[in-house]
C-alpha cells in the first residue's frame, strides 16, 4: 500500500471497525446470553444430564438434578467414573457397563432401565438415554446422557407386581375352593402352598396354617423370627392361624420385612379360610345330619313311603322293602295301588283326593300285598309336603305293621263270636233238654200218676182230691219248665217272627222295669232273615234295653226296627243320663263290663256294625246296621228238635 | 152194639204210651190195636191195621209227627189224627192242622183231655186243647193289636230298591249322588223318588226325611244343633 489512507478512509475504516466491534460486542453479548440460557437450561433442567468421557467413562459434566439425584456435589462427581454411580445389582453396574460398551460402538441408547446408587447406598431406578458425540474424525469423544428418575414408577410396578401375586394367590384359593369334591384339608394344603408365591420373596418364604387341631405347612417350612400371622376365626371363635415366615433376613418394610399389602393379603387369606372352613364345617354337619337322617329313614323300624300327587311312589325306606320283599327298583315309580289289596285300593281311591286336599290322613288301616302275596295289615298316617308356594308336592306316609295286632283282634273277634254262639247254642241245648226230656218225662210221670188210681178198687174222696192237686202241680210244673225252655230261646221268634218277638219283649220289659219302651218296625213284613240274624237282632234289642234299665236312668226307651235295603237298621235309644262313649268302651274292656262290647261283637257276628252316641243328660243312641241275608235258614225249624 | 173204634198209639216214650193206653183202656168202645215208637213202624201198622184213629207225637226219632200225619192220611183219608205233643207253640199247632190232624192235645193235659179229644175227632169235629187254644187266641189277639201299633203298611209296600233310595234321599243326598251311589240313572232315581212319595203320601224331601227319622231310617240329630 503506497498511498496513505485518507481521513475519510480512516474514518470509514474506523467506523467499520467500530460497527464491527459493536456488532461483535452484540454478538458476544448475544452469545453470552445464549450461553447463559443454555447453562441455565442445562443446570436447571428437570432431568439429570451427564457428559461422560468416551475414553474411560469419567464424568465430564453434569447438572444440578444429577447431583441431587445421587446425593454428591459437583466436585466429587467430576472425579468419579460413571460406573461408580451404579448399584451393585443385576440392573446396576453390569448393565451400565453393557450400555457403555454399546455407546463406545457409537450406538444410541434409548430408555434403558438401570439401577443407580445413591450416595447413601440405596438403589435408584433410572431411565437412561445415551447419545454419543463424535469429533471431526468420527471418533467418539463423549456422551450426552439423560437420566430420568423412575423410582416412583418402579415402586408402583413393584406394588402392582405384589398385588398381582396376591391376586393370583387369592384366585388360586378361589379355584381350589370351587373344585368339586375337594376336602377342607386339600383346600388348606393348597392354600398354604400358594402363599409363598404371593410374597415379595417367594423362594425364601414358607407358610403354615393351623385350623382346629390340624397343621398344614409348606415343604420348606421352618419357624424363623421373621413372621407375619393372622388368626382365623370360624363362627366367631378363634380356630387357627395363618403364618408366613421369611427364611432369611430381608430389608425392613411396613411390618418388619413384610409389605403393607402382604399384611392385608394374609388377613384376607385368614378371612377366606375362615369362610371356607365355616362352609365346609356346615356342609359336613349337613352331610352328617343327612347321613344320620338317611340312616334313620332307611333303617327305621317303621315303614316310610312317599308318593307324589298322582299316587306314584317316589321314595321308600328299607323297612318297607323288607316287608314287601321287593327291591327298591321294583317299587319306585310304581303306583301305590300296586301294593294294596283290592279292598285297600278302594279305600285309597276314596281317601286320596281328600288327602291331596288336606295333606293329612291319620291312623287309617290298609292291607299291603307282599311279593309272595301275603297280606300285611298296616296302620298308616300321612302328611303332605309343600313347596314354597304352599302347593302340595308329595305326601309322606308311615306304616305300622299291625298284622299281629289284627290277628289278635281277629282272634278276639272269633273267640267272642264263638262265645256268643256257644252261649246261644247252650241255651238252645238246655232249652231242648228242658222241653224234650224234662217236660216230656214230667208229662209221662203225670200221665202215670193220673192213671195210677184207675185200677184202685176204692179211692177215698180225700185221696182223689189230693191226687187232683198233685196232678195240677204236675201240670203247672210242666208248663213252667216248658215256658222256661221257651224263654231261653226268644219266644215267638220262630212262631211269629222277629217283629212280634221284639215287640213282645219290649212289652214285657216295659211292665217289668217301669220303663216306657216304644217299639216300632217298618218294612220287615216282606223280608226273611236267617235264624242267626234274627236271634242276634233280638238279643241286641234285649241287651240294649237291659243296659238302659241298668245304667241309663231313663224314663223312655225307643226301639226301632226298619228294613233299609240292603240293611236292617235297629235303633235302641233312651233319654237317660248318657255317658262318655270312649271312656265307657275302655272301661268296659278293662272291667269286663261287656254290655256295649258284647253288643258290638254280636252285631259284627252277623256282619253288622254298631255305633254308639251318647250325650250326658241327653241320652244314648245305639245304631245297629246289619246286612239282610236273604232266605230263612232252616235251623229255625229244627230248634226244638224233631 | 157197634164195632169198637181202633186206635194206634205213636210215641217214642213207652211209659207215656202206657199211660195213654191205660186211659183209653177204660173206655170199652175204644181199642188200642197197636203202638209204635217211631214213624216207620207206625206207618206199617197203619197200613196193616187200618185204625180209625192215631195218637201221634210230634217228636219222633226218625221223622216229625207232622210228616207222619201227612203220610198216614195219604194211606187212608178216613183215619183221624190227634197230635199229642209237648209243644204248645202256635206254629206247631197250625202245622199239625195243616197236615190234616183234627185234634191237638198237649201232653200235660193228656189225662184230662185225651178222651174228649178222641170223642170229638171221631165225631168228625176239630178238637183243640183249651190250654193251648186260649193261649193261641190270646197271642193272636195280642199280635193283632200290636201289629197296628208297630208296623207301617205304607213303608212295607216299598220295594227293597225304594227303601234304599228313600234312605239316601232322607240322608240328604242329591239325585246325582244317589245315581252314582247306586249305579242307576238319574231318571231312575227320580222315578223311585216320586213312587216313594206317592206310596207314603209325602210331598217334599223334608217330609221324607221326617218320615224316615220317625221310622229310624235316619237319625235327625237334634243334639248337634
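We did not get these values from a lab; they are worked out from the coordinates using the rules stated. None of these values were measured; they are calculated from a predicted model. Cβ placement follows ideal geometry from the backbone for every residue including glycine, while neighbour counts extend to all protein chains displayed.
Counting other beta carbons within 10 Å of each Cβ, put A:209, B:79 in order, fewest first.
Details: A:209 24, B:79 19.
So the residues, fewest neighbours to most, are B:79, A:209.
Between residue B:26 and residue A:37, with labels modelled 7 Å along Cα→Cβ, what's the label distance in nm to one decimal, could you check?
Spacing of the two 7 Å Cα→Cβ label points: 18.9 nm.
Can you work out the PRE-style zone for residue A:314? Point 7 Å along Cα to Cβ, and I want the residues of region A:330-348 with backbone N under 20 Å.
Residues A:330-339 qualify, since their backbone N sits under 20 Å from the label point.
Give me the compactness ratio for chain B, meaning the Cα radius of gyration over 2.2 N^0.38 Å.
1.62
Compute the length gained on full extension between residue A:550 and residue A:430: take 0.36 nm times their separation in residues and subtract their Cα-Cα distance, giving the result in nm to one decimal.
On the way: separation 120, 0.36 × 120 = 43.20 nm, distance 2.65 nm.
Between residue A:550 and residue A:430, full extension yields an extra 40.6 nm.
So for A:136, B:131, fewest C-beta neighbours within 10 Å to most, what's the order? Provide the component values of the computation, followed by the final result.
Numbers: A:136 5, B:131 17.
The order, fewest Cβ neighbours first, is A:136, B:131.
On average, how many beta carbons from a partner chain sit within 10 Å of the beta carbon of a residue in A:362-375? Display every interim value, and only then the final one.
On the way: counts 0, 0, 0, 0, 0, 0, 0, 0, 0, 0, 0, 0, 0, 0.
Whole-number average of other-chain Cβ neighbours for A:362-375 is 0.
Using the basic label-point model (7 angstrom from Cα toward the beta carbon), what is the residue A:476 to residue A:403 distance in nanometres?
For the pair residue A:476/residue A:403, the computed spacing is 6.5 nm.
If R0 is 30 Å, what FRET efficiency do you get for residue A:76 and residue A:155 from their C-beta distance, rounded to 0.05?
Once rounded, the FRET efficiency stands at 0.65.
If I fit a long axis through the Cα atoms of helix B:130-150 and take the longest principal axis of the Cα atoms of chain B, what angle between them do I get, 0 to 90°, rounded to 10?
Tilt relative to chain B: about 10 degrees.
FRET efficiency for residue B:190 and residue B:153, Cβ-Cβ distance as r, R0 = 22 Å, nearest 0.05?
The calculated FRET efficiency here is 0.35.
I want to check the label-to-label distance for residue A:179 and residue A:11. Put each point 7 Å from Cα in the C-beta direction and report it in nm to one decimal.
About 10.8 nm separates the two model spin labels.
Taking only the alpha carbons of the protein assembly as shown, what extent do you get along each of the three principal axes, in Å, biggest first?
244, 63, 51
Sorted from fewest to most neighbouring beta carbons within 10 Å, what does the list B:164, B:67 look like?
B:67, B:164
How high is the relative contact order of region A:403-542, given as a whole-number percent (alpha carbon pairs under 8 Å, six or more residues apart)?
24
Could you tell me how many degrees, from 0 to 90 and to the nearest 10, lie between the Cα long axis of helix A:581-590 and the main elongation axis, the longest principal axis, of the Cα atoms of chain A?
70
Sequence gap at least 6, Cα distance under 8 Å: using those rules, report the relative contact order of chain A to the nearest whole percent.
On the way: 951 pairs, mean separation 34.8, N = 642.
Contact order relative to length: 5 percent.
Quick one: angle between helix A:403-432 and the longest Cα principal axis of chain A, in degrees between 0 and 90, rounded to 10, please.
The angle comes out near 10 degrees.
With r defined as the distance between the Cβ atoms of residue A:167 and residue A:144 and R0 fixed at 41 Å, what FRET efficiency is calculated, to the nearest 0.05?
Once rounded, the FRET efficiency stands at 0.45.
Kirkwood Rh and Cα-based Rg: tell me the resulting Rg over Rh for region B:6-116, rounded to two decimals.
With Rg and the Kirkwood Rh in hand, the quotient comes to 0.92.
How fast does region A:70-216 diffuse by Stokes-Einstein, in µm²/s, taking the Kirkwood radius from C-alpha pairs at 4 °C and 1.567 mPa s?
D, rounded to a whole number, is 68 µm²/s.
When you look at the Cβ of every residue in B:100-113, what mean number of other chain Cβ atoms sits within 10 Å?
Going residue by residue through B:100-113 and averaging, the value is 4.
Is the C-alpha gyration tensor of region A:207-339 telling us rounded, prolate or oblate? Criteria: a/c under 1.5 is rounded; beyond that, a/b larger than b/c is prolate, otherwise oblate.
prolate
Beta carbons within 10 angstrom, averaged per residue: use that to sort the peptides A:187-193, B:103-109, highest first.
B:103-109, A:187-193
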